[in-house]
There are 2 protein chains.
Amino acid sequence: MHQASFCQQESMEANREWDYIFNPQSVAIVGISARKTTLPSVGERYLDALLDHGFKGKVYLVNPKGGKILGLKIYAHIKDIPEPIDYVISCVPAPATPQLIKDCTAKGVKVIQLFTSGFSETGTEAGRRLEKEICSLAHQGGIRIIGPNCMGVYCPKTNFAYRAGFAKESGSVAFICQSGGHTTYLIREATKRGIRFSKVVSYGNAADMNESDLLNYLAVDPDTEIILAYIEGVKNGKRFSQALKETAKIKPVIVLKGGVTETGARAAASHTGALVGSDRVWDGLLHQAGAIRVYSLEEMIDMALSFSYLPLPLGRRIGILGLGGGATVLATDACTNAGLVVPRFPEAIHKRLSNLLGTEAGTILSNPVDLSTEAWESGFYNILNILANYEEIDLNIVHFPLALFARSLSPGNSRVWDSLVDEVIKVHRESSKPMIAVIHFASSNKDYEWMFEAQRELYEAGIPVYHSIGNVAKAINQFLSYHEHKLAGS
Amino acid sequence: MHQASFCQQESMEANREWDYIFNPQSVAIVGISARKTTLPSVGERYLDALLDHGFKGKVYLVNPKGGKILGLKIYAHIKDIPEPIDYVISCVPAPATPQLIKDCTAKGVKVIQLFTSGFSETGTEAGRRLEKEICSLAHQGGIRIIGPNCMGVYCPKTNFAYRAGFAKESGSVAFICQSGGHTTYLIREATKRGIRFSKVVSYGNAADMNESDLLNYLAVDPDTEIILAYIEGVKNGKRFSQALKETAKIKPVIVLKGGVTETGARAAASHTGALVGSDRVWDGLLHQAGAIRVYSLEEMIDMALSFSYLPLPLGRRIGILGLGGGATVLATDACTNAGLVVPRFPEAIHKRLSNLLGTEAGTILSNPVDLSTEAWESGFYNILNILANYEEIDLNIVHFPLALFARSLSPGNSRVWDSLVDEVIKVHRESSKPMIAVIHFASSNKDYEWMFEAQRELYEAGIPVYHSIGNVAKAINQFLSYHEHKLAGS
């Protein structure tokens, strides 16, 4: 009994800790300064972010010089703040951090996130020593450190974000990332692709709170269904391996490993002070743990999208519908090379398609289906409906090769393309078969404008959009393989 | 003597034939009709193209129904045209083509380009027979056929183009392509990347004029320095292999093979009636011939750009300068994996860099060079100058990861980014070392707007721009390997 209640106590403590990280009641930005150049200062960017996201807790600013920013008083010292502070964002220089942590301890701060860099990633003995020192001080003071050398937290549910302009809605994808730049890019691009986040942590050098802590927490976080991780190095290989294995049992974990080559590892060491393992070791580790390995941020987004949007197809048989003979040929090669099957349609389906379309020249009807310019004026609805209801196909790809058809050059063309999107959405609403859209071969501002707009309409209707057929074929194959392995292991 | 003059005669004949293809004095668009829907008709699109490009020859329209389009008289029959016709663009239905070729023979037409499809690509005996019939009729009539089932020719030097809006300036890159859509996309996208064309031919089914004819011609065409080819299948393997070998001896030939999988081959057969060989056979053939194989249109453009813009670097040692620690780590992995070398800077260079930048935290100075947000406000010029003048580096990559730094969100940021581009151009002007730019991680309309603008400024200054470090690393490796093999073979 004593044992159980102790564990309970510990677990409650741990939960409270995470609550301070993702749902602080008060935040202090320490080391904020007014902009000196055309660019806002680091501290100002954090302040902008909290204001933009409508953070509900209290926000305090600290800088020995005092003054005001956006009408907010700047306190000279954290101890001057009249109320308790849960979470500190530090922009002070590295040498000032030990004293800051002591001050935070005195103030009862729970979490300190250090944007501040200049620690182990410098590769100097002094840097490593300083990192150790702040960890030890924080431990003594009962404070958890995020970073140093990181951007911090984005948690839309609690209106807590490190950068203005991120999506305000929550989702079920978590992302932990050793690179601040990658974090920002991935949030932006994935949001445009229809992904919304539960919790994102840019955790830099991982001096205290590290990848294993974060995985263990996200494994049981009820708001998180899919976990993405960009990792340069881990603190404790055995612990990480264990945490990854346990997490991957519960939720898909998609990992991008940075610093896989010797020179890449050198760059990673300078970036986050990470001690990286060899590529082969990582490959084995990720495979054994049941994690999904990707090799770029784009691939990571493609996988997150597949897990977020796709119902599990019954098999690997894919129908391909699109415009452009050459695009269709390359699409078929890409799907086949990725391990998907592009079955030829039987005579009955072929006949139904040619009844609809006539025996129009320039039209390929046997799967892949390539519609000539004339045929696609008559729309996708009827054709796609045949594919959606044909039992020997497990999922369908519709692709829009933009610059192949001068979509942007003619308003008439543009209207036809818009109506094709509407018809894809209509078929998807009426059918339970997984549907995927690819918008590719964009080549002008107008192409991209159309792509962003169509992409939004499609994902709002539940259809994920990818930007290359090679990429989507790889993503679907990995998605199917993941579920096949799950099934085989269960 | 007799032999020689006969050959000369033949070669003059052959040259005249090519002159009719790329520099016709008069063109008739046969089968043109006024638009019935929101989209212009096929014939109208050809007419638009000739008008837009300022084609200097005469243009005639033919349709049995007569009438006018854009004030131009439509002749009921080609024989009614009062002047000779060199080049016919056919939009008539397939069954009408034999009679058209007879009429063209009577009229003395030299080249007929058939947009018309419905021949061997239908997979029917009737389609194959019709294709044979028109070839035989054309041969008898002394007419060369381009196509059927193709877009035709783009030759900016003679203001001859199949589509409005293509670049009006000439360049040194030729492209032969079995897919009309690929042709259009590649012209558009490559133009945006700074490539200009000598001659482009979308040749579809290759019933008469085929890939080997085109290669033989381009091999000796003085306007062409680099040749791109998208090929689904060849008519005569031995002849093609010979033509490719001879051409690749003289000029780089970059080949994308479509239909490399069994299902892809089935799609290719329906697309252009091509009989495709196995992937392995093609790989051997291309390698033996000394051609450069690529696997996507993007890769093809990357290679064309490398050959168009890059002086041959002295070796494989690359300097990497950019923003974003994570981006830098992945860049280093990509370069190393592609076979490039990212040498660590010696103490002397490191010192010069840190003298410039201070020992600013968040900055990596040992190659790759990753500048913190603060450091890049002070500009690229001085830093890049050190790299450009350091003898142990053979070429430099500067990369701009757009969405990592909220470039688009702040006007101040945008100005800083613009000045970075100016400084890259300035260093490039003062140095003879190859310089490459990568603009990546775009994620919004504004990102793409900036990218297109910066890309144009950079290529106008002679700096090629790529969109991913993985891609550029592969392209440089292939570019270097090509020259290494040339050198070893010479």
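Roughly what % antiparallel, to the nearest 5, for the DSSP beta bridges in chain A?
10
Size of the dipole of chain A about the Cα centre, Lys and Arg at +1 and Asp and Glu at -1 on the beta carbon, nothing else charged, in debye to 20?
1260
Treating only the Cβ of Lys, Arg, Asp and Glu as charged (+1, +1, -1, -1), what charge dipole size does the protein assembly as shown show about its Cα centre? Round to the nearest 20 debye.
About 380 debye.
May I ask you to list the lysines whose Cα is less than 26 Å away from that of B:K132, ignoring any residue fewer than eight positions away on the same chain?
B:K79, B:K102, B:K107, B:K110, B:K235, B:K238, B:K257
For chain A, what relative contact order do you get, as a whole percent, if you take Cα pairs closer than 8 Å and at least 6 residues apart?
About 10 percent, as a whole number.
Averaged over A:255-266, how many beta carbons belonging to a partner chain fall within 10 Å of each residue's beta carbon?
6
Using the Cα centre as the reference, give the magnitude of the dipole from point charges on the C-beta atoms of segment B:127-187 (Lys, Arg: +1; Asp, Glu: -1; all else neutral), rounded to the nearest 20 debye.
In total the dipole reaches around 60 debye.
Please list, in chain and number order, the residues 5+ apart from B:H399 or on another chain whose amide H is under 5 Å from its amide H, with Hs placed from the backbone.
Residues meeting the criterion, in which the H sits 1.01 Å from N, are B:L321, B:G322, B:L323, B:V438.
What whole-number distance in Å separates the alpha-carbon centres of segment A:121-146 and segment A:310-337?
A separation of 52 Å, based on Cα centres.
Mind listing the label-point distances from A:L70 to the same position on all other copies, shortest first, one decimal in nm, points 7 Å along Cα→Cβ?
Inter-copy label distances (nm, one decimal, shortest first): 5.5.
Of A:G462, A:I436, A:F452, which is farthest along the charge dipole of segment A:401-482 in the positive direction, counting Lys and Arg as +1 and Asp and Glu as -1 at C-beta?
Toward the positive end, the furthest listed residue is A:I436.
Shortest first and in nm with one decimal, please list how far the B:K157 label point sits from its counterparts in the other copies (point 7 Å along Cα→Cβ).
6.6
Arranged from highest to lowest average of other beta-carbon atoms within 10 Å per residue, in what order do the peptides B:247-253, A:482-488 appear?
Those peptides, ordered most packed to least, come out B:247-253, A:482-488.
Rounded, prolate or oblate: which one fits segment B:318-489, using the alpha carbon gyration tensor with axes a ≥ b ≥ c (rounded when a/c is under 1.5, else prolate when a/b beats b/c, else oblate)?
Note, shape of segment B:318-489 comes out oblate.
Put the label 7 Å from Cα along Cα→Cβ for B:N389; what are its distances to the other copies, in nanometres, shortest first?
7.4
For A:C177, B:C150, A:C104, what ranking results if the residue with the fewest other Cβ atoms within 10 Å of its Cβ goes first?
A:C104, B:C150, A:C177
Taking θ as phi - 60°, what are the ³J(HN,Hα) couplings along segment A:419-435 by the Karplus curve (6.51, -1.76, 1.60), each to the nearest whole Hz, with x for Gly and Pro?
Computed from phi, the couplings for segment A:419-435 are 5, 4, 4, 4, 6, 4, 5, 5, 4, 4, 5, 8, 10, 9, 6, x, 10 Hz.
Answer rounded, prolate or oblate for segment B:2-146, using the Cα gyration tensor with square roots of eigenvalues a ≥ b ≥ c: rounded when a/c is under 1.5, else prolate when a/b is larger than b/c, else oblate.
oblate
What order do you get for B:T336, B:T124 when you list them from fewest to most C-beta neighbours inside 10 Å?
Least crowded to most crowded, the residues run B:T124, B:T336.
What average count of beta carbons from other chains do you get within 10 Å of the Cβ of residues in B:188-198?
Counting other chains' Cβ atoms within 10 Å and averaging over B:188-198 gives 2.
Which of rounded, prolate, oblate describes chain A, given a ≥ b ≥ c as roots of the alpha-carbon gyration tensor eigenvalues and a/c under 1.5 marking rounded, otherwise prolate only if a/b is larger than b/c?
Cα axes put chain A in the prolate bin.
List the lysines whose Cα sits under 24 Å from the Cα of B:K446, skipping any in the same chain fewer than 8 residues away.
Excluding near neighbours in sequence, the set is A:K168, A:K192, A:K446, B:K192.
Can you sort B:Y390, A:Y185 by how many other beta carbons sit within 10 Å, fewest first?
Fewest to most other Cβ atoms nearby, the residues stand as B:Y390, A:Y185.
Okay, helix-only estimate at 222 nm for chain B: each DSSP H run of n ≥ 4 adds -39500 (n - 2.57), divide by all residues, round to 500 deg cm²/dmol; what do you get?
-15000 deg cm²/dmol
Based on alpha-carbon centroids, what's the gap between segment B:170-235 and segment B:40-95 in Å, whole number please?
24
Which residue of chain A is nearest the rotation axis onto chain B, counting by its Cβ, and what is the distance in whole Å?
A:Y448, 2
Out of all DSSP beta bridges in segment B:2-146, what portion is antiparallel? Express it as a percent rounded to 5.
Given both bridge residues lie in segment B:2-146, the antiparallel proportion sits at roughly 10 percent.
If the reach is capped at under 20 angstrom between alpha carbons, list the aspartates and glutamates near A:K249, excluding any in the same chain fewer than eight residues apart.
Candidates past the 8-residue exclusion: A:E211, A:D213, A:D221, A:D223, A:E225, A:D283, A:E484.
Averaged across the residues of A:332-339, what count of C-beta atoms belonging to other chains lies within 10 Å of each residue's C-beta?
6
Determine the sum of side-chain charges near B:P148: Lys and Arg each +1, Asp and Glu each -1, restricted to other residues whose C-beta is under 11 angstrom from that of B:P148.
Once positives and negatives cancel, what remains is -3.
Bear in mind these aren't lab numbers, they're just calculated from the coordinates by the rules spelled out. In this text the structure is predicted, and so the values were computed from the model without any measurement. All Cβ positions, even for glycine, are placed from backbone atoms using ideal geometry, and neighbour counts span all protein chains on display.
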